[in-house]
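Only the coordinates and a few stated rules stand behind these numbers; no lab work does. Just so we're clear, the structure is a prediction, and the values are computed from it rather than from any experiment. Cβ placement follows ideal geometry from the backbone for every residue including glycine, while neighbour counts extend to all protein chains displayed.
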Amino acid sequence: MKLDRNSVPRLAAKVRLQFDRHSGRHLLLYPERGMQLEDSAAAIIKRCDGVHSIAEIASHLAVEFDADASDIESDALEFLQALCDRALLVVA
Amino acid sequence: MTAHRPYTLIAELSYRCPLQCVYCSNPLDLRRRRTELATADWLRAFREAEAMGVVQVSFSGGEPLLRDDLEDLVAGAHAAGLYVNLATSGVPLKRERLLSLKSAGLDNVQISIQDTDEGQAEKICGGRFLEAKLQAAAWVKEMGLPLTINVVLHRQNLDRIDDFVALAERLHADRLELANTQYQGWALPNRAWLLPNRHQLEHARSVALAARERLKDRMEVLFVLPDYFSETPKPCMGGWGQRFILIAPDGLVLPCHQAHTLPGLSFANLREHSLRWIWDESPGFVHFRGEQWMQEPCRSCERRKQDFGGCRCQAWHLTGDAAATDPTCHLSPNHALIVDARETGNGQPDAPPVYRTMAAPSPR
Ligand code: SF4
Ligand code: SF4
């Protein structure tokens, strides 16, 4: 599945986003595995709600972090594509 | 927080099981180990484990569904903030029960499939359970729970690898574990019956890799080679006392499934100590943690931080020295033991397999 800016992503059913109080980072938890996220990645994942598109997520983040929307969008697209290729993310 | 943070708790809730798999990783002698922990012990373990850094718990056994308090245990682990996986044969599962487990906070269900052929499966687990398992898997998906299908591979089923992939696809599994038998527990006395040959393995591996690529955005496909056929050993449990804690049904806290079979090591019971003390300080956990215990060739090998010298239990059961280099390593002075054993995968075993039982193990 190839994502584009209009894709509406959400985490796959087996994946849970969780704040890890031991490291102060967010984790993606899924069967037998865990992935520690950078804060910027966690900020993207939190908005993958199955309602908003990647373009919308990026523009929200651009406002929130006072950054360039197109930079955020291309970073988000790359990151979410990698998750999708590992069956951790699905599109609504 | 200690230097070593445990991430996963394996909660072996019960050794009881309706199946009798010939490769079961449970201890051979289960007679004296029937007294199971109370609900409150387990609930305490989940809270302590979370405080130590654990983020996942896997309920296994035996058959965890045989615990009447499984709903409470799932709820307790969920409340502690753990990702909760249930590893089951699927056989005793009822639809209503799965519903209550789901509302208690279950995150994932793993069902083992012995074979896609009922007669072949019966040869492995001693009964005809395939239909019950398929029904259980269908309920899991019907309820929107993620499904892992786990297949233990060996000489008797490796040639049906395509069928396993097809079955997992048909069931819409989210993860497919194709894990070759590790020769521990009941698999060791049954080794001559289970060891595959290289040709079978290579075929299976290529099928699994192709499936992984084709299904990558739908299903995670995992293929684990038997370490008898790799040049260097696996980092057993990610290193002794580094990432995993296993609690046996009777409360013994261990770094791996077989650790209590090692001579001269003492392991503590959850009933008598805090989990943190056991992890940080109990002699059994400290003994093989790190590199101090290593002998040559591991001691000066550059891979020692990656594979930790392999599996201590395999070293003990095959060489008689628990601190030896895992004989599956090509650098081990005992590697001939593995090379010779591999040859058995090319011939026909002369005896029928031994089935797992809670009674006295039958001598071979
Ligand atoms: S391997 Fe088989 S016998 Fe052992 S616990 Fe699992 S289902 Fe039961
Ligand atoms: S010698 Fe020891 S550390 Fe080196 S590869 Fe073999 S098992 Fe691993």
- Which whole-Hz couplings ³J(HN,Hα) result when phi for each residue of the range B:302-313 is put into the Karplus expression 6.51 cos²θ - 1.76 cosθ + 1.60, θ = phi - 60°, listed in order with x for Gly and Pro? 6, 7, 5, 7, 9, 10, 6, x, x, 8, 5, 6
- Task: With a/c under 1.5 counting as rounded, go ahead and sort chain A into rounded, prolate or oblate using the C-alpha gyration tensor (a ≥ b ≥ c being the square roots of the eigenvalues; past the cut-off, prolate if a/b is larger than b/c, else oblate).
- Result: oblate
- Förster radius 35 Å - calculated FRET efficiency between B:Ala179 and A:Glu78, Cβ distance, rounded to 0.05: 0.65
- Gaussian network model of chain B, Cα springs within a sub-10 Å range: biggest mean-square fluctuation belongs to which of B:Glu118, B:Glu220, B:Glu142? B:Glu142
- When Lys and Arg each count +1 and Asp and Glu each count -1, what net charge do the other residues less than 9 Å away from B:Ala104, Cβ to Cβ, add up to? -1
- Message: To the nearest 20 Debye, how big is the dipole of the protein assembly as shown about its Cα centre, given +1 on the beta carbon of each Lys and Arg and -1 on that of each Asp and Glu?
- Response: 1020 debye
- Two-site FRET efficiency, B:Arg276 against A:Glu64, from Cβ-Cβ distance with R₀ of 30 Å, rounded to 0.05: 0.15
- Note on the structure: If unit charges are put on Cβ atoms (+1 for Lys and Arg, -1 for Asp and Glu) and the dipole of the protein assembly as shown is taken about its Cα centre, the option from A:Ala12, A:Leu28, B:Val109 lying farthest towards the positive end turns out to be B:Val109
- CD proxy at 222 nm, helix term only [per DSSP H run n ≥ 4: -39500 (n - 2.57); per residue of chain B; nearest 500]: -9500 deg cm²/dmol
- Lys pairs in the protein assembly as shown with Cα under 17 Å (8 or more apart in sequence, or on separate chains) total 12
- How many partner chain Cβ atoms sit within 10 Å of a residue's Cβ in peptide A:21-34, on average, as a whole number? 6
- Item | Expected 222 nm ellipticity per residue - DSSP helices of 4 or more, -39500 (n - 2.57), all of chain A, to 500 | -12500 deg cm²/dmol
- Task: Select from B:Trp193, B:Trp316, B:Trp293 the residue whose mean-square fluctuation is largest in a Gaussian network model of chain B (Cα-Cα springs shorter than 10 Å).
- Result: B:Trp293
- Query: Taking each residue of A:3-14 in turn, how many C-beta atoms of other protein chains fall within 10 Å of its C-beta, and what is the average?
  - Reply: 2
- Task: Can you figure out the FRET efficiency of A:Lys46 with B:Leu209, using R₀ = 60 Å and their beta-carbon distance, to the nearest 0.05?
- Result: 0.95
